[in-house]
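The values are calculated or read from the model by the stated rules, or taken from the named source; none is laboratory data. Given the structure is predicted, the values throughout are model-derived calculations rather than measurements. Cβ placement follows ideal geometry from the backbone for every residue including glycine, while neighbour counts extend to all protein chains displayed.
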Amino acid sequence: MGVRRELVEPVQARLFHVTKTGSLASVMDQEAFEEGGRLADALNELLTAGYDDLQARHALGYLYWFQSQGMDDEPGRAARAAAVTLFAPCFLTGAGILPEPLLPELLERAVPDAVAMLRQLRSQARKGVAEPLNPARLDEATVLAWTQITTATAGRPAHAAHLPNLCGALQIRAARTGLPEDLDAAVDAGRRSVTAAPPGHPVHANAMSNLSGALRARYEHQRDPQDLDEAVDAARHAVAATPEPGPDRSRFLANLASVSHMRYHRTADLADLNAAVDAARAATAATDPRAATRGHRFATLSGVLLDRYELGGMSADLDEAVDAGLPAAAAMPEDHPDLPALVARVGEAIRRQAERTGDAERLDAAVALARRAIDLTPETDQAAKAARRLNLAVALLHRAESFPDRRADLDEAIAVGRQATADPGWARVRILALTNLSTALRRRFERSANRADLDAAVAAGREAVRVAGHEVTGGFEHAVALTNLGSTLAVRLEKSAEAGDLAEAVRLCTQAAHMATAPALLRTRAAATGGRMIARTDPAQGAALLETAVALLPLLAPRHKNRADTAYALGELTGVANDAAAAILADDQPRPSSPQAARALAILEQGRAVLLGRGLDVRGDQAALEREHPALAARLDELRILLDGERTALLESDPDLPAPVEQDRISLTADLRRLLDHIRSQDGFATFGLPPDPTALATAGAEGPVVVFVVTLTSGHALLLTAEGIRALPLPGLTIHSVLDQGHTFYSALQGTSPGMSEVLEWLWDTVAGPVLDALGIHTPPGADEPAPRIWWVTGGVLGMLPIHAAGYHRETPASARRTVLDRTASSYVPTVRALLQARNQRDRERRSRQQSSTPVPALSSLIVAMPTTPGAEKLPGSAAEAEALRPLLPDPATLIEPEPGTEGVPPTKPRVLQELTTRSIAHFACHGHHDPNDPAAGHLLLHDHRQDPLSVKALAALALGHANLAYLSACDTALGLSPGRLIDESLHLATAFHLAGFQHVIGTQWMANDLVAVNVASAFYRQLLNPTAAPTDLDLNLNLNLDRCAHALREAVLRQRNRHAARPHLWAPYIHVGT
């Protein structure tokens, strides 16, 4: 709609006459004024109706301009002003030639209008809507406006200030059209902007940020990595050029977070993801709480934190996403355009928390937030709607898996998932939606056995793989899709042996396992899944895949992750090292020395006790390091405490030691890596904390046989390490299920609910210990004057639940004919062969150092801790008697005894005990102990302050006591849990924690010890250590304690009790020796 031509054409004719003749006469007569008035009225009516006519504006504006030149001052100025008003939209859109004298005024007037247009354009782009502005779309009009402005200011100082706005307008138009020429135009404008505003120019930062946005937009359409790299560099320059806080810096930081996050999705480079998190945090902190963009900032932060959690599994990232996002979402109005994204992100983070903790309320909250996010998302934004439906489908599926009785959740997850896959949206969302749908259908098949669901699950999984291979090859989503389809095919294989399913499933898992850009947990899970499937029919291929899974395990335990997060990740892969070793040994036959046995041992050492290995990595010859490089030793202790331990009152006394902050763990890990490199560069410390060379593992049997067990669902083996080499011994009756069955019987008997404890020990002899000792040639007990041969057990996995050291027929007579481990050997346990070798190396270095030193051997000293009463626990009246009985037997004893309630005294607290441990060679604890099979690091001794500050495995992990010799833990559950738990492969408990902290010998108990027997065993043990004929370097100068006899002394003390109570193994069998 426009002004009638009969009103415009007469005016245009008069204008033509002026330009042809140079005379103003034709525009100054009365009829010209009347024609102009009629045209102005018609144009005003049009504008009032919401329309415009640039041709009419142009004609009327020139009429007023010419007339102003023939009028006196006041009327002339009014006509000139009216002309400028009419010409302004023409200037912004480039509609016709305009009077040159008016250009400065038009430019001055146009800039605010163009800024308003650009602001409106950005607002509409954020809301996902587009409104027409006659005669062109708003984005076209805005581009035209800024093109005119930048053209008009070419060569002037203002030019540089306007080019970034042109770049921004072109970006928004390119986002709508996706045309290559529009994307190129935006980038070109950005480059011209940067050229016109070099470093130091007031708009340099803005120009850089806009160029970054243009390059990012072009990358999203054309996928040229160079564009993305340049976008990241430009974003960094923009931030660096804006050091002062304010809205601009917040915006530039948000852009840096966005492009860094995008590049992470391309490269899987943790540095990019960390940069995105840092920038998003800073952007959020720098954003005014009243700013409209605050919600978007929090949504961005939640997104990058969730991705980092997906990659690294750090729970602190989840907690931060929730803690930051929930209050922000609560404070936003319901119609805020960023609220749906923020609610969705927070809901996703809460769902992840619920997955870790099993918290039903959090899971319900996640479902509710996912529903709300869908309701808040406009129907016009179909891509976002699909993403929100995916979140709901995932939350519903997890709730259905957590609570099997909620069948409706599973059905709804499938229905919502199908809707999400049907919605047009982003490729990444479609892949994940198809994958989740496939999983939900598979779960429903497992409940209903409806074959249609299983086939539909395979079809959805195949479509996810197809889309991923086309859109995001090698990325996170691709790995998820591959692994899911492999698992689904494995289910169908078990149910119907569909031709080709096994080969396809293994191929998919193999492909996912070797995707270097996928998260380590996904890769490890894929390798383990595929390896376990194929190992049944092709052990060699299965072994190769399972070895890949084991090789990836250390990536799940980087030092910057805290122990709880690492334990959660490792818990998903329990048993994978055993499965790999079993596949390697599947075709092996027992022989004196076997390359396959050595290969299996190397895999077990790499894949079991990963958390323990992380501790060994920062432990070498601690005493030598303290002697020769005390500053390095002190710094190592400091970093170990910050990364692996807990703050304690002892440590807080050092004002220079900073408190651990979760986000600092990455930089602390880098510091530790540099420090270890520096330590290893010192003379004599080249191998400090490094794993032994594979060939060195075979030397572990030099001081006596070391037996390493491999137990899987289908088979069992023992790897025998002797002075002659390594060989494998098949144990046909040893499987995970048989161990669990015997463990159930044993602990039921222990708790008094059923008989059968002795029968379990006899089963252990027949199935495990007897064949091992026979293979080792240990057929009879030692002679009366002969020491029992030493043997070290590395149980690993579920077998650690049972007392191998007590296996046998203890009720047989005569005693000389008894078939028992206790009668024939002196048993010790170690978590890994590496731990044993490292402890021996430390022992040997100390001996050499003493022999070479002229300094007198320092006298041993001891600590006795007794808890006859314990806050919140049952009394242990025998512990005080135990302490009194041991005082005369221990060198230079310091005694900490819990005072009776209401009496005065200094109670044994964690800080005080830790302080004493730094100077004592021997520590004896008579107290309660606690073991948590699902969180072994939380296992602790119950001291006076155990409810506030427990002396836990985690606290001990920070210690490195080079002087320590013996820790005797006369407490229940210090060496085992009654349940296998998710981390059974880790061999983490209080006894191994004390051993790792530096104690060469640790005495622990596998279950509750009887008070009277505990006193008798402890007294007999220490008396057995008194040996006046031992070499002086091995003796305490006062009491002549031969600590090298710890394993023998414990055996002899336990034998005495066994001989009295042979039919009651619960009294004498819990005691074990851990160490050298």
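Scanning region 1006-1015 for residues that are surrounded by fewer than 24 Cβ atoms within 10 Å (Cβ to Cβ) and not charged (D, E, K, R) yields 1007, 1008, 1010, 1012, 1013, 1015. Taking the conditions (1) at pLDDT below 85; (2) closer than 17 Å to residue 103 by Cα; (3) of a type in the set (Lys, Arg) in turn, residue 80 satisfies each one other than (1). Scanning region 886-926 for residues that are among the hydroxyl-bearing types (Ser, Thr, Tyr) and within 16 Å of residue 963 (Cβ to Cβ) yields 918, 919, 921. I'd like to know if region 871-878 contains one or more residues that are in the same structural domain as residue 921 (by TED's automatic domain parsing), outside any loop (DSSP other than H, G, I, E, B) and of a type outside the set (Asp, Glu). Yes: region 871-878 contains one or more residues that are in the same structural domain as residue 921 (by TED's automatic domain parsing), outside any loop (DSSP other than H, G, I, E, B) and of a type outside the set (Asp, Glu). Tallying residues that are in contact (Cβ under 8 Å) with a residue 24 or more places away in the chain and in a loop (DSSP other than H, G, I, E, B) within region 785-812 yields 11.
One residue alone among 564, 569 is assigned to a helix (DSSP H, G or I), at pLDDT below 60 and either basic (Lys, Arg) or over 20 Å from residue 717 (Cβ atoms) (or both), and that residue is 569. Report yes if residue 524 is part of a helix (DSSP H, G or I) and hydroxyl-bearing (Ser, Thr, Tyr), otherwise no. Here the answer is yes, as residue 524 does meet what is asked.
For region 800-816, what are the residues that are modelled with pLDDT under 90 and touching a helix residue (DSSP H, G or I) at 6+ places or on another chain (Cβ under 8 Å)? Correct list: 800, 801, 811, 815. Filtering region 236-280 to residues that are touching a Phe, Trp or Tyr at 6+ places or on another chain (Cβ under 7 Å) and assigned to a helix (DSSP H, G or I) leaves 238, 239, 272, 273, 276.
Based on this model, can you work out whether residue 359 counts as surrounded by fewer than 23 Cβ atoms within 10 Å (Cβ to Cβ), closer than 29 Å to residue 935 by Cβ, modelled with pLDDT of 85 or more and touching a helix residue (DSSP H, G or I) at 6+ places or on another chain (Cβ under 8 Å)?
Considered against the rule, which asks whether it is surrounded by fewer than 23 Cβ atoms within 10 Å (Cβ to Cβ), closer than 29 Å to residue 935 by Cβ, modelled with pLDDT of 85 or more and touching a helix residue (DSSP H, G or I) at 6+ places or on another chain (Cβ under 8 Å), residue 359 comes out as yes.
The listed residues are 333, 337, and the only one of them that is surrounded by 18 or more Cβ atoms within 10 Å (Cβ to Cβ) and over 27 Å from the mean Cα position of the chain (by Cα) turns out to be 337.
Counting just the residues of region 942-977 that are of a type in the set (A, V, I, L, M) and under 17 Å from residue 874 (Cβ atoms), which one comes out modelled with the lowest pLDDT?
To start, the set of residues in region 942-977 that are of a type in the set (A, V, I, L, M) comprises 942-943, 951, 953, 955-961, 964, 966-967, 969, 971, 975-976.
From what is left, the residues that are under 17 Å from residue 874 (Cβ atoms) are 942-943, 971.
Details: 942: 92, 943: 93, 971: 76.
Among those that are of a type in the set (A, V, I, L, M) and under 17 Å from residue 874 (Cβ atoms), it is 971.
Each row is one residue, and each column tells you yes or no for (1) modelled with pLDDT of 85 or more; (2) of a type in the set (Gly, Ala, Ser).
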| position | (1), (2) |
| --- | --- |
| 687 | no, no |
| 698 | no, yes |
| 702 | yes, yes |
| 707 | yes, no |
| 724 | yes, no |
| 753 | no, no |
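So in region 375-416, with the set limited to residues that are among the β-branched types (Val, Ile, Thr) and buried (at least 19 other Cβ atoms within 10 Å of the Cβ), which one is farthest from residue 341 (Cα to Cα)? Outline the logic, then answer.
To start, the set of residues in region 375-416 that are among the β-branched types (Val, Ile, Thr) comprises 377, 380, 394, 414, 416.
Next cut, buried (at least 19 other Cβ atoms within 10 Å of the Cβ) only: 377, 394, 414, 416.
On the way: 377: 8, 394: 16, 414: 23, 416: 18 Å.
Within region 375-416, the match that is farthest from residue 341 (Cα to Cα) is 414.
Of all residues in region 38-69, none satisfies the criterion of being at pLDDT 85 or above, exposed (fewer than 15 other Cβ atoms within 10 Å of the Cβ) and more than 14 Å from residue 4 (Cα to Cα).
If I ask for residues that are of a type in the set (A, V, I, L, M) and at pLDDT 75 or above, which ones from region 591-624 would you list? The answer is 597, 598, 600, 601, 602, 603, 604. For first residues located in region 169-193 and closer than 23 Å to residue 154 by Cβ, partners that are among the basic types (Lys, Arg) and lie 6+ apart or on another chain with Cβ distances below 6 Å form the pairs 182/173; 187/218. Total residues in region 177-186 satisfying the condition of being touching a Lys or Arg at 6+ places or on another chain (Cβ under 8 Å) and surrounded by fewer than 24 Cβ atoms within 10 Å (Cβ to Cβ): the figure is 2.
Would region 173-188 turn up any residue that is modelled with pLDDT of 85 or more and closer than 20 Å to residue 236 by Cβ? Steps first, answer last, please.
Start the filter on region 173-188 by keeping residues that are modelled with pLDDT of 85 or more, which leaves 180-181, 183-184, 187-188.
Within this subset, residues satisfying the condition of being closer than 20 Å to residue 236 by Cβ are 187.
The answer is yes; a qualifying residue exists.
The combined condition, being in contact (Cβ under 8 Å) with a residue 40 or more places away in the chain and part of a helix (DSSP H, G or I), is fulfilled by residue 43. Cβ-Cβ distances below 8 Å connect the following pairs, each with a first residue in region 888-910 that is assigned by TED's automatic domain parsing to the domain that holds residue 944, a second residue that is assigned to a strand (DSSP E or B) and surrounded by fewer than 17 Cβ atoms within 10 Å (Cβ to Cβ), and a separation of six or more residues or different chains: 889/1026.
Name the single residue, out of those in region 876-926 being among the charged types (D, E, K, R) and under 43 Å from the mean Cα position of the chain (by Cα), that is farthest from residue 634 (Cα to Cα). If you could, list the steps in order and put the result at the bottom.
Residues of region 876-926 among the charged types (D, E, K, R): 882, 884, 887, 892, 898, 900, 904, 910, 912, 916, 920.
If we keep only those that are under 43 Å from the mean Cα position of the chain (by Cα) as well, we get 898, 910, 912, 916, 920.
On the way: 898: 32, 910: 21, 912: 20, 916: 18, 920: 19 Å.
This residue is 898.
Pairing residues of region 936-953 that are over 16 Å from residue 896 (Cβ atoms) and β-branched (Val, Ile, Thr) with residues that are modelled with pLDDT under 90 and in a helix (DSSP H, G or I), at Cβ distances under 8 Å and at least 6 apart in sequence or on separate chains, gives 953/936; 953/937; 953/938; 953/990; 953/993.
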